[in-house]
Every structure is written in C-alpha cells, then in structure tokens.
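One structure is given below, encoded as structure tokens.
Since every read-out is calculated from the coordinates, none of them should be taken as a lab result. Keep in mind that this is a model prediction, so the values were computed, not measured. All Cβ positions, glycine included, derive from the backbone under ideal geometry; neighbour counts span all protein chains shown.
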Amino acid sequence: MKKIFPIIILMVLSLSTFQRNYTWRNEYTLWKDAVSKSPQKAFPHILLGTAFIRRGALDRAEGEFLSALKINRFDGRVHIGLGSIYFQRGLLDKAIEEFHLVTIGRPDFPYAHNNLGVAYMKKGLLDEAINEFTIAIKLDPDYTDAYANLGVAYKKKGMLKEAKEALDKALQLLPEHAGARKNREEVARLLAEKGIVQ
C-alpha cells in the first residue's frame, strides 16, 4: 500500500499538469477557461472576444463583447472590440459610433482616435480622419501608425507634401513600417510626376 500511494499522488499531479497545459496551450483555451470560471467579469469576455477576432470568428467575438457590455457598458475596451468587428464587416457607421464612444469616455486615448480616423477614412470622410489622426499624434508624438494613416489621408486628399511629411515621420520612428514605406514611394512618384522637387 505504501508504494501505491505515491503512484496515485503522482498520477493526480500529472493529470492536473495535463489539464493546466491544455488550458494554457493558446489564448483561446486560456480565456475560454477564464470565462467559464468568471462569467460575471467583463475582462475575460473581452480577452476571449479578442482571441476570436484574431481567429476571424467575428460572430463569436461579437457575442463575447456583447456579454462584456452587459457587465460593464463603460469599459472602452468593449467598444474598441465591437468597433473593430463592425469595421471588419464593413459596417462603418456602427464602427464609427463605437470608436466615438471611446473618444468621449477617454479623450486622452490615442488608439481610439486612430481607430476612429481609420473608420472615417474608409468612409471617405477625410477631413474628419485627418482631425482624429492629428489628435492621436498630439496625445502620443511617437505613434507611428497615426503618422502613417495621416499620410494616407493627406495622399487621398491630394495634399502630397503633407502626406510626404507624415509618412517620413512614420518611417523615422519605425523604418520597417511596410505600409508607410509603400505609401511614401507612391507619394514620391506622384510628386515626381507633378515635377515637384523633394
């Protein structure tokens, strides 16, 4: 009996380790486990919803963010998540509404202003987009994506010199930013076609 007892303990511990390893094997299983253990907390729903977005499971992601919204409708992360889902579905008005709610609740949050700007730009509201990117940059002068997006908005408006400046700043901050580099090359080509010396 003395020899069997340590074996049983070892088996129980092994099973426990196996279950924990299964739970921690990826973000989906981790946050699904957290939601099952704390269904009345918004944060696990937000993280599981984010994991679903990364997997492209937008319906399931929306369900998690809506669950989090019922628990805490003032959590900006919920509205960022819903805005991202609506943006990916092409529901720009709903995405703008969600991102706008975050900028009202957290006017000092540059990420929300950048997201709102991207949604405005996708809808063709370039002046509004430029305004949001500019706010994001004022809040975080090292926000590379905001500079890159500002450059794209200026390019779409035909404001090529301003586009070049914004894209140059993005590349100064992050030389390997592929989107900024591609757009900067296009702006350079457009400026050269117009005979504008860079």
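Once you reduce the stretch 101-170 and the stretch 35-67 to the center of their Cα atoms, the two points are 28 Å from each other.
Modelled spin labels at Thr29 and Thr134, positioned 7 Å past Cα toward Cβ, are 5.0 nm from each other.
Here are some pairs, Lys123/Lys169; Lys123/Lys156; Lys155/Lys194; Lys41/Lys94; Lys94/Lys123; Lys122/Lys161; which of them have Cα atoms lying more than 23 Å apart in this structure? Don't skip to the end; give the middle numbers.
Values: Lys123/Lys169 25 Å; Lys123/Lys156 12 Å; Lys155/Lys194 14 Å; Lys41/Lys94 25 Å; Lys94/Lys123 12 Å; Lys122/Lys161 21 Å.
From Lys123/Lys169; Lys123/Lys156; Lys155/Lys194; Lys41/Lys94; Lys94/Lys123; Lys122/Lys161, over 23 Å: Lys123/Lys169; Lys41/Lys94.
In this rough spin-label picture, where each label sits 7 Å from Cα along the Cβ direction, the Leu191-Asp142 distance is 2.6 nm.
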